[in-house]
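Just below is one structure, and these are the notes that go with it.
The values are calculated or read from the model by the stated rules, or taken from the named source; none is laboratory data. All values reported here derive from a predicted model rather than from experimental measurement. Cβ placement follows ideal geometry from the backbone for every residue including glycine, while neighbour counts extend to all protein chains displayed. Heavy atoms of the whole protein, side chains included, go into the accessibility calculation; ligands, DNA and RNA do not. Shrake-Rupley method; radii C 1.70, N 1.55, O 1.52, S 1.80 Å.
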Amino acid sequence: MSAPIWSGESAPLDTNRLALVIGNSTYPDAGSPLPQMTRDAEGLTNALRKDGFLVDAFDNATRPDMTRAIDHLRARVHLNSIVLVYFGGYGIQSDGQNYLIPVDAKIWSEEDVRRQGVSVDRLLSQLKNSGARVRLVVIEASRRNPYERRFRTYSHGLAPIQMSDNALILSSAAPGQVVEDPDELHSQLMTALLAQMDSLRGIEEVFNNTRNAVVAATQGQQIPVVSSTLTESVNFGRHGAAFPCPPSPLRLAVATSDHTDFC
């Protein structure tokens, strides 16, 4: 398994800031590819490397690729690590849990989803158990998947994601909703996220501003969700620091809210 070498300016690496970026665009069972997912992964990889993140980046990852990539990331994690994971491609919910789908998945039933997909809940648990201090996740997988009509019953989009402490998750759509991919260079989510990452704002503010920009650009047709249990302020940018904030309960930021809770 090898990471694609994407061009882009890199800052001096900060081994406390780790990222795994996966963009899956070519699924044999899909009627057409998802070219934006590879471009989104490339754009995010270059932006993170510019900010000093140590990034492992993969496109069209099989399940063994994804498993090894996660294991490699976990092996790098230490107690001071800030970890970001991005996945773009197809995602499916089953029994209230979300699964990221590798390109080699052969899915004919919900049991196949659970066996061949990569569980988001398990990924978050693995990162927490590995000792990562802050866990950041961006998921672009809320789309109508090509396997649904094979199931006796099915649901669209993703389920609500179970949160652990000191985590921040940005999902491209609300639970149960699907996103139509525009015919543009990047997805609406990634276009907004890359624009926001040019600032030195805190990551939670970047994610919230990204959500709001997508809602505005789509006139409310796409509503990303930001879920946070952060107890630290973390900035994008290689000089971004993390420092404690007063403990707070789970904050689920919705696009209709006029109030944003920042530390």
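Just for the range 162-181: of the residues that are touching a residue at least 40 places away in the same chain (Cβ under 8 Å) and of a type in the set (A, V, I, L, M, F, W, C), which one is most open to solvent (accessible area, probe 1.4 Å)?
MET163
I need a count of the residues in the range 182-217 that are hydroxyl-bearing (Ser, Thr, Tyr), open to solvent by less than 60 Å² (accessible area, probe 1.4 Å) and at pLDDT 95 or above.
Selection size over the range 182-217: 2.
So which residues in the range 96-113 are closer than 20 Å to ASN60 by Cβ and among the acidic types (Asp, Glu), if there are any at all?
ASP104, ASP112
Go through the residues of the range 232-253 one by one and say whether even a single one is open to solvent by 30 Å² or more (accessible area, probe 1.4 Å), part of a loop (DSSP other than H, G, I, E, B), over 20 Å from LEU44 (Cα atoms) and modelled with pLDDT of 90 or more.
No, because not a single residue in the range 232-253 is open to solvent by 30 Å² or more (accessible area, probe 1.4 Å), part of a loop (DSSP other than H, G, I, E, B), over 20 Å from LEU44 (Cα atoms) and modelled with pLDDT of 90 or more.
Considering every residue within the range 69-87, establish whether at least one is buried (at least 19 other Cβ atoms within 10 Å of the Cβ), under 19 Å from the mean Cα position of the chain (by Cα) and hydroxyl-bearing (Ser, Thr, Tyr).
Scanning the range 69-87, I find at least one residue that is buried (at least 19 other Cβ atoms within 10 Å of the Cβ), under 19 Å from the mean Cα position of the chain (by Cα) and hydroxyl-bearing (Ser, Thr, Tyr), so the answer is yes.
Within the range 1-57, work out how many residues are open to solvent by 60 Å² or more (accessible area, probe 1.4 Å), in contact with a Gly (Cβ under 9 Å, 6 or more places away or on another chain) and at pLDDT below 95.
Of the residues in the range 1-57, 4 are open to solvent by 60 Å² or more (accessible area, probe 1.4 Å), in contact with a Gly (Cβ under 9 Å, 6 or more places away or on another chain) and at pLDDT below 95.
Kindly provide the set of residues from the range 202-233 that are aliphatic (A, V, I, L, M) and touching a Lys or Arg at 6+ places or on another chain (Cβ under 9 Å), ordered by number.
Kept after step one, since they are aliphatic (A, V, I, L, M), are these residues of the range 202-233: 203, 206, 213-217, 223, 225-226, 230.
The answer is ILE223, VAL225, VAL226, LEU230.
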